[in-house]
1. Just from the alpha-carbon atoms, what are the Rg and Dmax of the chain in angstroms?
2. Would you be so kind as to identify which of ASN61, LEU10, LEU24 lies farthest towards the positive end of the dipole of the chain, taking Lys and Arg as +1 and Asp and Glu as -1 on Cβ and the Cα centre as origin?
3. As a test of the formula, what do you get for the chain when each DSSP H run with n ≥ 4 contributes -39,500 (n - 2.57) and the sum is divided by the residue count, at 222 nm and rounded to the nearest 500 deg cm²/dmol?
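Each value in this text was obtained by applying a stated rule to the coordinates, not by laboratory testing. Computed from a predicted model, the values in this text were never measured in an experiment. Glycine also receives a Cβ, built like all others from the backbone with ideal geometry; neighbour counts cover every protein chain displayed.
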Amino acid sequence: MKKPGILLELPDKRLVIVYNNQPLLPKHGKVVLHLIDKNHNLIKDEAGKPKTIIKTLDAYNLENQENVNKLIGYVD
């Protein structure tokens, strides 16, 4: 199963993927950003879980409106 989403570069030069399927969005208003390496592979912690950044929808939208996050590409 493929997971479509977008690739972003954060202001601190970290790369993230934001999947289109956001389970926290409807109920909690939060967006999950998965950290990836320069080869676009998920970065995992010691337990093997993907490292993530969780932002409020308002903060995420504001950063994108102000072009704080640089769009790198799309995943389909």
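1. Both quantities, over Cα of the chain: 12.1, 35 Å.
2. The residue sitting farthest along the positive end of the dipole is LEU24.
3. Details: 2 runs with 13 residues, N = 76.
The per-residue figure over the chain is -4000 deg cm²/dmol.
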